[in-house]
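*Asks:* One structure coming up, written as structure tokens, with questions to follow.
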Amino acid sequence: MAKVGVLLLNLGGPERIQDVGPFLYNLFSDPEIIRLPNPALQKPLAWLISTLRAGKSQEAYRSIGGGSPLRRITEQQARELQSELRTRGIEATSYVAMRYWHPFTESAVADIKADGVEEVVVLPLYPHFSISTSGSSFRELQRLRQADSGFSRLPIRCIRSYYDDPGYVGAMAGLVAREIQACPEPSKAHVFFSAHGVPKSYVEEAGDPYQKEIEACAQLIMERLSRDLGFANPFTLAYQSRVGPVEWLRPYTDDALQDLGAAGIKDLVVVPISFVSEHIETLEEIDIEYREIATEAGIINFRRVPALDTTPAFINGLADLVQQAMAGPEVNLDQAAELPSKVKLYPQDKWAWGWNNSSEVWNGRLAMVGFSAFLLELLSGKGPLHSLGLL
Ligand SMILES: C=CC1=C(C)c2cc3[nH]c(cc4nc(cc5[nH]c(cc1n2)c(C)c5CCC(=O)O)C(CCC(=O)O)=C4C)c(C)c3C=C
Ligand SMILES: [Fe+2]
């Protein structure tokens, strides 16, 4: 039997407060996170945004103990998955490849080569595909594969997404059911799915399937709750964690919580849907920020469903996915990262008045020109800001 390497992909998170700035710099340097018309501006802009954001982010990481638990949990998931596969008679070894912090994708690939792995199954710890998450990690891996003849010779099977996989959906439904049952009147609890958002243009212009997969997934979890457990609770889906001035997927979680409070909802079961591990966006954003907004809006019982972490039903579901992939054909990184419908990577060039894509593009371009002029003046020591005595 061939030596199988199961490569788990995740985003990564800063483990100490001093890691926050460099982690944010890595994240904003990724063109799949901020897509600029001119790649030469990517690094200066990443430096600027990470510098401006670091203080706020550090405060959030401080409030959850000084760092992200993502590496610890992902490594536990990797160990549990490996042991489940070995119990099933599959001699697999699991590896963790983070996109923006340790252990980086390069080091996972180096370990795979050093261990003499003969075939690779790539499993993103994102059940829903997005250009900004699995897409970015697939591209990073592709870059490393193209630069390394040894790695590029290994047969590869990529799992693109699994938002509709019965194992994953069942594991989620089990955790949601527990929180519904803990409500004073379970039938009255409102189920509130909060997914990580992405900019609206990713879906509408670049053809990111993320929103469709999230919507289908929430529906499937509700169907499973009804079919297996007889729950017929109402539900809402909203998007959290937006960054920057552009429009993101709506409704926004904070607005939706206020609307539900105003509508008289008292018991809320909050489901962090796009995440499979506890991290800053569950522990700080939902548990602290959104809980406060909900309480102010009149919601009395705010119960957050825990992330899947190493829930046995989830680990079993992942092992099923790996086994299915191994039994199926090779799926290369380009196939896994393919977009179902490529609409337009860059929005229209023509100006249109109002808060729309065209104005966002032109505002962005003007900001780029201004930023470049500012950098030039900083470097040259000459320019209008110096003449005005502002620099
Ligand atoms: C499905 C999951 C995620 C999507 C989609 C996603 C898109 C996305 N994220 C940002 C910006 C930031 N993300 C940050 C942290 C972070 N994001 C995810 C998941 C998704 N991101 C994870 C798992 C984490 C790590 C959390 C941890 O515990 O450390 C951050 C840093 C935290 C902060 O400052 O808020 C930023 C910034 C964008 C712009 C984006 C889509 C374009
Ligand atoms: Fe994010």
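*Asks:* How big, on average over all directions, is the shadow cast by the Cα convex hull of the range 173-234, in nm²? Don't skip to the answer; put the middle values down first.
*Replies:* Numbers: hull surface 18.3 nm².
Convex hull of Cα atoms, orientation-averaged projection: 4.6 nm².
*Asks:* Where nothing but the Cβ of Lys and Arg (+1) and of Asp and Glu (-1) is charged, how large is the charge dipole of the range 238-336 around its Cα centre, in debye to the nearest 20?
*Replies:* 300
*Asks:* Whole-Hz ³J(HN,Hα) for each residue in the range 251-263, computed from phi via Karplus 6.51 cos²θ - 1.76 cosθ + 1.60 with θ = phi - 60°, x for glycine and proline: what do you get?
*Replies:* Per residue, the Karplus-derived 3J(HN,Hα) values read x, 6, 4, 5, 5, 5, 5, 5, 5, 5, x, 5, 7 Hz.
*Asks:* Can you put 107, 68, 161 in order of Cβ neighbours within 10 angstrom, beginning with the fewest?
*Replies:* Starting with the residue having the fewest Cβ neighbours, the order is 107, 161, 68.
*Asks:* Nearest 20 debye, what's the magnitude of the dipole of the chain about its Cα centre given +1 on Lys and Arg Cβ and -1 on Asp and Glu Cβ? Before the final figure, lay out each step's value.
*Replies:* Working: 37 positive and 48 negative charges, 123 e Å.
Around 600 debye, computed over the chain.
*Asks:* Taking every DSSP beta bridge with both residues inside the range 168-304, roughly what % is antiparallel (nearest 5)?
*Replies:* Counting only bridges with both partners in the range 168-304, antiparallel ones make up about 5 percent.
*Asks:* Once R0 is set to 35 Å, what does the formula 1/(1 + (r/R0)^6) return for the Cβ-Cβ distance between residue 327 and residue 72, expressed as a FRET efficiency to the nearest 0.05?
*Replies:* After rounding, the FRET efficiency stands at 0.65.
*Asks:* Further question: For the range 59-128, what does the alpha-carbon gyration tensor say about shape, rounded, prolate or oblate, given a ≥ b ≥ c as the root eigenvalues, a/c under 1.5 as rounded, and a/b over b/c as prolate?
*Replies:* It comes out prolate by the Cα gyration axes.
*Asks:* Now, a different point. In Å³ and rounded to a whole number, note down the convex hull volume per residue for the Cα atoms of the range 168-304.
*Replies:* 105
*Asks:* Moving on. Semi-axes of the chain's equivalent ellipsoid from the Cα gyration tensor, sqrt of 5 times each eigenvalue, largest first, rounded to whole Å?
*Replies:* Working from the Cα gyration tensor, I get semi-axes of 34, 30, 20 Å.
*Asks:* Here's another thing I want to ask about it. Quick one: if the Förster radius is 45 Å, what FRET efficiency do residue 263 and residue 48 give, using the C-beta to C-beta distance and rounding to 0.05?
*Replies:* With R0 = 45 Å, the Cβ-Cβ based efficiency is 0.65.
*Asks:* Further question on the same structure: What relative contact order, as a whole-number percentage, does the chain give when Cα pairs under 8 Å and 6 or more residues apart are counted? Provide the component values of the computation, followed by the final result.
*Replies:* Details: 628 pairs, mean separation 77.8, N = 391.
Relative contact order of the chain: 20 percent.
*Asks:* What list of ³J(HN,Hα) couplings, whole Hz, do you get for the range 18-35 from phi and the Karplus terms 6.51, -1.76, 1.60, once you set θ to phi - 60° and write x for glycine and proline?
*Replies:* Per residue, the Karplus-derived 3J(HN,Hα) values read 5, 7, 4, x, x, 5, 5, 4, 4, 5, 6, 7, 7, x, 7, 9, 10, 9 Hz.
*Asks:* Sticking with this one: Would you mind telling me the antiparallel percentage of the DSSP bridges in the chain, rounded to 5?
*Replies:* Working: 1 of 35 bridges.
Counting DSSP beta bridges with both partners in the chain, the antiparallel share is about 5 percent.
*Asks:* Out of residues 5 or more away from residue 249 or on other chains, whose amide H comes under 5 Å of its own, with H placed 1.01 Å from N in the peptide plane?
*Replies:* 198, 200
*Asks:* Let me ask you something else. How high is the relative contact order of the range 168-304, in percent, with contacts defined as C-alpha pairs under 8 Å that are six or more residues apart?
*Replies:* It rounds to 33 percent for the range 168-304.
*Asks:* Let me ask another. Sorted from fewest to most neighbouring beta carbons within 10 Å, what does the list 104, 192, 302 look like?
*Replies:* 104, 302, 192
*Asks:* Sticking with this one: Check which residues have an amide H placed less than 5 Å from residue 270's amide H, if you skip close sequence neighbours.
*Replies:* For residue 270, the qualifying residues are 192, 303, 304, 305.
*Asks:* While we're here: Which cross-chain or sequence-distant (5 or more) residues have an amide H under 5 Å from the amide H of residue 331, H modelled 1.01 Å from N in plane?
*Replies:* Amide H to amide H, under 5 Å and 5 or more residues apart or across chains, residue 331 pairs with 156, 157, 158.
*Asks:* Based only on other Cβ atoms within 10 Å, what is the fewest-to-most ordering of 172, 222? Intermediate results must be reported in sequence, preceding the final value.
*Replies:* Working: 172 30, 222 20.
Ranked by crowding around the Cβ, least crowded first: 222, 172.
*Asks:* Applying the Karplus parametrisation 6.51 cos²θ - 1.76 cosθ + 1.60 with θ = phi - 60° to the phi angles of the range 303-309, what ³J(HN,Hα) value in whole Hz is obtained for each residue in order, glycine and proline being reported as x?
*Replies:* 10, 9, 6, x, 5, 4, 6
*Asks:* I would also like to ask the following. Longer than 30 Å from Cα to Cα, which of 56/113; 43/382; 188/212 are they? Say none if no pair is.
*Replies:* With Cα atoms farther than 30 Å apart: 56/113.
*Asks:* Toward the positive end of the charge dipole of the range 56-195, about the Cα centre and with charges on Cβ (Lys, Arg +1; Asp, Glu -1), which of 64, 187, 105 goes farthest?
*Replies:* 64
*Asks:* Starting from the Cα-Cα distance between residue 219 and residue 86, subtract it from 0.36 nm times their residue separation and give me the gain in nm to one decimal.
*Replies:* Working it through step by step, the gained length comes to 44.5 nm.
A short reminder: the numbers here are calculations on the coordinates, not readings from a lab. These numbers were taken from a predicted model, which means no experiment stands behind them. All Cβ positions, glycine included, derive from the backbone under ideal geometry; neighbour counts span all protein chains shown.
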